[in-house]
1. For the stretch 71-85, check the following and say yes or no: at least one residue is surrounded by 13 or more Cβ atoms within 10 Å (Cβ to Cβ) and farther than 28 Å from Ser167 by Cβ.
2. Only residues in the stretch 51-78 that are under 17 Å from Gly143 (Cβ atoms) and part of a loop (DSSP other than H, G, I, E, B) count as the first member; pair them with residues that are of a type outside the set (S, T, N, Q) and open to solvent by 60 Å² or more (accessible area, probe 1.4 Å), Cβ under 8 angstrom, at least 6 apart or cross-chain, and list the lot.
3. Quick one: Leu151 ticks every box in (1) over 30 Å from Ala20 (Cβ atoms); (2) open to solvent by 10 Å² or more (accessible area, probe 1.4 Å) except a single one, so which number is it?
4. Tally the residues that are in contact with a helix residue (DSSP H, G or I) (Cβ under 9 Å, 6 or more places away or on another chain) and open to solvent by less than 50 Å² (accessible area, probe 1.4 Å), restricting the search to the stretch 123-142.
5. On the basis of being of a type outside the set (Phe, Trp, Tyr), surrounded by fewer than 17 Cβ atoms within 10 Å (Cβ to Cβ), over 22 Å from Ile58 (Cβ atoms) and out of contact with any strand residue (DSSP E or B) (no Cβ under 6 Å at 6 or more places or on another chain), does Pro107 make the cut?
6. Could you tell me whether the stretch 25-46 includes any residue that is in a loop (DSSP other than H, G, I, E, B), polar (S, T, N, Q) and surrounded by 13 or more Cβ atoms within 10 Å (Cβ to Cβ)?
7. Any idea which of Val146, Val101 is of a type in the set (Val, Ile, Thr), open to solvent by less than 40 Å² (accessible area, probe 1.4 Å) and out of contact with any helix residue (DSSP H, G or I) (no Cβ under 7 Å at 6 or more places or on another chain)?
8. When residues of the stretch 125-161 are filtered for being at positive phi and at pLDDT 95 or above, how many remain?
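The values are calculated or read from the model by the stated rules, or taken from the named source; none is laboratory data. Quantities reported herein were computed from a predicted structural model and do not represent experimental measurements. So basically every Cβ, Gly included, is an ideal-geometry build from the backbone, and we count neighbours across all protein chains shown. All accessible areas refer to the heavy atoms of the entire protein, side chains included, with ligands and DNA or RNA removed. Shrake-Rupley method; radii C 1.70, N 1.55, O 1.52, S 1.80 Å.
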Amino acid sequence: MKNLIIILFTFLILGCDNNATIVSFDDEKSNSIRNHYQYYLNNDIDGLKELWADDDKIVLYLGSVETSPLSELTGLIQAQHAAFDNIQLLNIQGEDQPIYVETKTYPSGQTWTNTWFKWSAVGKTTGNTVEIPVHISFRWEGGEIVEEVHLFNPTLMEEELEAFNASSDKS
């Protein structure tokens, strides 16, 4: 009976298909995204471009089901740095912890790095602090980002950008 149980257990283990999703937190891709965010915080577009696929290969969703060109994202980043001071990416729970970054490799072979954080900045025109919960996912192929999905409510950021643009138009 003992041998039968061992044989059945062995077949069960060996017969299982390993279709599990692999999740990692301190891997090369997760760490690359952490560095990517440092480039963002430093307004270093050239540094950001190190991970992005060419403009004609990358697919961007900036809070919409419609795709956007890479130039729209880089323009938004430059506008954020022009209109805001003290831009930070903070732990979503407000703790003194790093932001959440995890990389998942799915049974399909696709690899995505997912991030969650609170985007925080002070509007240069109004002095208002803007805090927005953000989720961004990055899909990888051949060591570069080929798809990027941004999920957040842009209302407060857009209001500050409009105030900045209105004050710039008066100058």
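1. no
2. Listed by first residue and then by second, the contacts come to Ala53/Glu141.
3. (1)
4. Of the residues in the stretch 123-142, 6 are in contact with a helix residue (DSSP H, G or I) (Cβ under 9 Å, 6 or more places away or on another chain) and open to solvent by less than 50 Å² (accessible area, probe 1.4 Å).
5. Yes: the conditions hold for Pro107.
6. Yes, the stretch 25-46 contains a residue that is in a loop (DSSP other than H, G, I, E, B), polar (S, T, N, Q) and surrounded by 13 or more Cβ atoms within 10 Å (Cβ to Cβ).
7. The conditions single out Val146.
8. Of the residues in the stretch 125-161, 1 are at positive phi and at pLDDT 95 or above.
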